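What follows is a short report on a single structure.
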Protein chains: 2
Amino acid sequence: MQIATPYLMFLGDVPDALAAKTAYGIKDWRPDWCIGQMRLPGCNADLGIPDMTLEEGLAKGCRTLVVGVVNAGGVLPDHWIAEIVAALEAGYDVASGLHVRLGAVPAIAEAAERRGRQLHDVRHTTETFPTGKGTRRPGRRLLTVGTDCSVGKKYTVLALEKGMRERGLDADFRATGQTGVFISGRGVAIDAVVADFISGAVETVSPAAAPDHWDLIEGQGSLYHPSFAGVSLGLLHGAQADAFVVCHEPTRTTMRGVQHPLPTIRQVIDLTVQLGRLTNPDIRPVGIAVNTQALGEDEARRLLEGLAAEYGLPATDPVRFGVASLVDRIVADFPAT
Amino acid sequence: MQIATPYLMFLGDVPDALAAKTAYGIKDWRPDWCIGQMRLPGCNADLGIPDMTLEEGLAKGCRTLVVGVVNAGGVLPDHWIAEIVAALEAGYDVASGLHVRLGAVPAIAEAAERRGRQLHDVRHTTETFPTGKGTRRPGRRLLTVGTDCSVGKKYTVLALEKGMRERGLDADFRATGQTGVFISGRGVAIDAVVADFISGAVETVSPAAAPDHWDLIEGQGSLYHPSFAGVSLGLLHGAQADAFVVCHEPTRTTMRGVQHPLPTIRQVIDLTVQLGRLTNPDIRPVGIAVNTQALGEDEARRLLEGLAAEYGLPATDPVRFGVASLVDRIVADFPAT
């Protein structure tokens with residue numbers, strides 16, 4: 001999937017910012033690609049970028065209308081359909097993170113075909129992948145793993161991409177989730193791939209590269225999550241990670257959506273190394289990334305210092321304290337060839 | 001997916017028995033459901049059951065035409081389409097293990113809709129599943145796991161179903177692969193489920209049951225297979241297995257389709273227990289099933305005796321020597337409540 005940039009961001013008439021979470025993520029990480037926003041009457045989200053009509057967006061160079069919002073009830077409302085059809089008529093591609101496939105709406109499918117425009121359903125994939133082979137490929141790879149879902153895996157690799165590039169390293173974010181696909185303009189929502197092809201899809205998303213090139217692969221789920229551990233394992237095997245960062249949220253008491261307790265960071269490190277060795281015998285941890293949002297600054301610093309001492313790894317909150325310590329460790333552990 | 005029985009087996013004009021492997025599997029395990037076979041000129045497969053026309057099959061009570069064959073090139077030949085349409089016209093449902101979806105062929109889709117018949121694409125699933133919850137549910141569950149793919153996991157659970165029922169136990173085969181779905185008339189090809197829903201699909205396939213009821217769940221892949229370990233792990237977590245049998249093929253030197261060496265049976269037992277504990281802390285091995293086809297009888301017996309002594313578990317070849325020793329162990333380890 002390759003989405004043409006830049007984007008006009010469609011927010012519809014969502015009731016709050018949370019319903020436009022994906023759009024905010026895209027704007028935060030790719031501000032240059034987010035030229036304008038298009039909002040309908042009643043919209044309560046605002047990306048803080050210029051409001052534009054379809055015509056104004058085209059004049060500014062926009063190529064894709066991005067539907068980065070959640071629609072209540074899973075059904076595409078008629079007035080959204082009308083706007084999407086109008087965008088196709090005007091010459092936009094349309095990329096959507098909705099559960100509903102754009103192509104399943106006859107008016108949209110018909111307009112796209114007639115006008116020769118692309119429809120991208122980021123939550124779905126029609127691409128076919130080979131099964132994973134587990135054969136070592138050149139290039140370096142870092143994967144974020146977690147004690148749970150939604151603990152900052154995407155944020156951490158995006159912050160690392162920025163931090164490593166600032167140090168002159170050759171590093172690319174590799175998306176495996178829907179927001180990540182919008183942010184990189186390519187990639188695969190790995191949770192939408194048919195089960196047999198998880199590791200193969202990751203091998204495709206992060207192909208052979210130059211020896212010093214880093215692919216920074218967005219992790220998903222947790223090896224300890226009873227709903228999603230299979231996805232996490234296929235991702236780990238396909239990534240053939242040389243390095244991994246453990247992401248953690250310290251205030252959570254049960255894993256997201258289930259009643260299971262959180263594993264310790266130690267358990268996650270040990271199991272990731274144990275299982276990751278199947279496709280990369282040299283896999284090693286290079287840091288810990290903690291979401292300390294719920295903690296005061298002193299408390300956050302004490303927690304991170306304690307973790308760094310306990311695990312012998314840099315520990316940071318990428319949002320609050322940056323990723324310099326992680327980049328230092330990566331540079332030290334993986335000298336240029 | 002619930003397929004109406006009994007079946008008329010469609011073999012088309014396949015060049016050899018291998019191309020009809022699924023059909024042979026169904027006939028072996030559900031001879032009572034396989035009323036007749038329908039072969040086209042040039043067919044080189046023969047299930048050893050009466051050849052029948054569509055009309056003769058209907059007269060014998062057949063309700064579903066089963067396309068249990070592989071078509072070369074992945075494209076459905078026109079003369080097969082004509083037969084499938086004729087079956088729908090005659091009043092059959094059609095169930096297929098082809099890669100091509102029946103409903104993607106306009107003539108077939110149209111005939112099914114017009115006649116109100118069901119199309120079952122066993123390799124695909126349109127069913128939506130919840131994500132797995134990992135919550136313990138009543139009933140007992142046995143899962144077959146493997147040192148590799150294609151080492152007898154389906155055969156072993158089917159043999160156990162037969163053997164346990166003969167001992168008066170309440171046991172049901174639970175299919176997770178396409179041949180298994182035909183054999184049980186229900187289930188899900190787990191490798192075709194979208195990645196996020198692997199464990200949830202298994203929870204659906206093997207729901208809460210009476211305390212002494214056994215679900216015998218067909219395993220897939222191997223936790224040590226770099227292509228499919230994610231599927232195997234999601235299956236293990238969803239199954240919440242109380243007991244597992246390790247399946248093994250002793251002459252293989254690398255894992256199927258890749259260059260990785262086979263794990264030992266010990267490694268498979270240890271990792272299955274370690275990872276399976278996430279959703280069932282009491283998981284335990286109850287036996288080893290070895291495909292000894294490539295060995296002479298004496299050699300096979302020596303191998304099995306050696307394994308039994310080494311692991312303290314019954315070891316058998318279910319095809320050659322039956323599953324009585326496995327059933328003995330299950331009865332001993334899990335007394336009636």
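Note on the stretch B:179-195: residues that are surrounded by fewer than 24 Cβ atoms within 10 Å (Cβ to Cβ) and within 14 Å of chain A (Cβ to nearest Cβ) amount to 3. Residue A:240 meets the conditions (1) of a type outside the set (Gly, Ala, Ser); (2) surrounded by fewer than 24 Cβ atoms within 10 Å (Cβ to Cβ); (3) at positive phi in every case but one. The failed one is (2).
Does residue B:245 count as modelled with pLDDT of 95 or more and in contact with a Ser or Thr (Cβ under 9 Å, 6 or more places away or on another chain)?
yes
Of the set (1) in contact (Cβ under 8 Å) with a residue 40 or more places away in the chain; (2) within 14 Å of another protein chain (Cβ to nearest Cβ); (3) farther than 14 Å from residue A:129 by Cα, all apply to residue A:226 but (1). Candidates in the stretch B:107-162 are the residues that are free of Cβ contacts under 8 Å to residues at least 60 places away in the same chain and crowded, with 19+ Cβ neighbours inside 10 Å; of these, the one that is nearest to the other protein chains (Cβ to nearest Cβ) is B:121.
Checking the conditions here, which among B:58, B:76, B:40 is buried (at least 19 other Cβ atoms within 10 Å of the Cβ), in the same structural domain as residue B:106 (by TED's automatic domain parsing) and in contact (Cβ under 8 Å) with a residue 24 or more places away in the chain? Reasoning before the result, please.
Details: B:58 fails: buried (at least 19 other Cβ atoms within 10 Å of the Cβ); B:40 fails: buried (at least 19 other Cβ atoms within 10 Å of the Cβ).
One residue alone meets the criteria, B:76.
Within the stretch A:304-324, the set of residues being buried (at least 20 other Cβ atoms within 10 Å of the Cβ), without any contact (Cβ under 8 Å) to a residue 40 or more places away in the chain and either among the polar types (S, T, N, Q) or in a helix (DSSP H, G or I) (or both) comprises A:304, A:316.
Screening B:292, B:279 for residues that are away from every other protein chain (no Cβ under 14 Å) and either farther than 23 Å from residue B:316 by Cβ or not in a helix (DSSP H, G or I) (or both) leaves exactly one candidate, B:292.
Give the residue, chosen from A:298, A:333, that is touching a residue at least 12 places away in the same chain (Cβ under 8 Å), among the acidic types (Asp, Glu) and more than 14 Å from chain B (Cβ to nearest Cβ). Step through it out loud before you land on a result.
On the way: A:298 fails: touching a residue at least 12 places away in the same chain (Cβ under 8 Å).
None of the others qualify; the one that does is A:333.
Among the residues making up the stretch B:61-105, a single one is modelled with pLDDT under 95 and among the acidic types (Asp, Glu): B:78. Of all the residues in the stretch A:232-274, those that are acidic (Asp, Glu) and away from chain B (no Cβ under 11 Å) number 2. The single condition among (1) polar (S, T, N, Q); (2) in contact with a strand residue (DSSP E or B) (Cβ under 8 Å, 6 or more places away or on another chain); (3) over 27 Å from residue A:21 (Cα atoms) that residue A:135 does not meet is (2). Can you find a residue in the stretch B:174-183 that is within 24 Å of residue B:334 (Cβ to Cβ), assigned by TED's automatic domain parsing to the domain that holds residue B:288, modelled with pLDDT of 95 or more and over 9 Å from the mean Cα position of the chain (by Cα)? Within the stretch B:174-183, not a single residue is within 24 Å of residue B:334 (Cβ to Cβ), assigned by TED's automatic domain parsing to the domain that holds residue B:288, modelled with pLDDT of 95 or more and over 9 Å from the mean Cα position of the chain (by Cα).
For the structure I just gave you, tell me whether residue B:213 is surrounded by fewer than 22 Cβ atoms within 10 Å (Cβ to Cβ) and under 23 Å from residue B:158 (Cα atoms).
Details: surrounded by fewer than 22 Cβ atoms within 10 Å (Cβ to Cβ): yes; under 23 Å from residue B:158 (Cα atoms): yes.
When the stated conditions are applied, residue B:213 passes them.
How many residues are among the polar types (S, T, N, Q) and touching a strand residue (DSSP E or B) at 6+ places or on another chain (Cβ under 9 Å) if we restrict to the stretch A:242-287? So the answer is 4.
Can residue A:332 be described as buried (at least 17 other Cβ atoms within 10 Å of the Cβ), aliphatic (A, V, I, L, M) and more than 18 Å from residue A:157 (Cβ to Cβ)? Walk me through how you get there before you give the answer.
Numbers: buried (at least 17 other Cβ atoms within 10 Å of the Cβ): no; aliphatic (A, V, I, L, M): yes; more than 18 Å from residue A:157 (Cβ to Cβ): yes.
No: the conditions fail for residue A:332.
Checking the stated criteria, residue A:232 turns out not to satisfy the condition of being small (Gly, Ala, Ser) and farther than 13 Å from residue A:276 by Cα. For the stretch B:161-255, which helices (runs of 4 or more DSSP H) that fit wholly inside it have 1 or more residues that are among the charged types (D, E, K, R) and more than 24 Å from residue B:5 (Cα to Cα)? Filter on the stretch B:161-255 gives B:198-205.
Checking every residue in the stretch A:122-133 against the condition of being within 15 Å of the chain's Cα centre (by Cα), β-branched (Val, Ile, Thr) and modelled with pLDDT of 95 or more gives zero matches.
Just to be sure before I move on: is residue A:58 modelled with pLDDT of 95 or more, within 25 Å of residue A:190 (Cα to Cα) and in contact with a helix residue (DSSP H, G or I) (Cβ under 9 Å, 6 or more places away or on another chain) in the structure I sent?
On the way: modelled with pLDDT of 95 or more: yes; within 25 Å of residue A:190 (Cα to Cα): no; in contact with a helix residue (DSSP H, G or I) (Cβ under 9 Å, 6 or more places away or on another chain): yes.
So residue A:58 fails the test.
Confirm whether residue A:218 is more than 14 Å from chain B (Cβ to nearest Cβ), touching a residue at least 60 places away in the same chain (Cβ under 8 Å), within 28 Å of residue A:94 (Cβ to Cβ) and among the acidic types (Asp, Glu). Reasoning before the result, please.
Details: more than 14 Å from chain B (Cβ to nearest Cβ): yes; touching a residue at least 60 places away in the same chain (Cβ under 8 Å): yes; within 28 Å of residue A:94 (Cβ to Cβ): yes; among the acidic types (Asp, Glu): yes.
When the stated conditions are applied, residue A:218 passes them.
Residue B:226 satisfies every condition listed in (1) in contact with a His (Cβ under 7 Å, 6 or more places away or on another chain); (2) under 20 Å from residue B:291 (Cα atoms) except (2).
The values are calculated or read from the model by the stated rules, or taken from the named source; none is laboratory data. The shown structure was predicted, so the numbers you read here are calculated from the model rather than taken from an experiment. We place every Cβ from the backbone using ideal geometry, glycine too, and count neighbours over all the protein chains shown.
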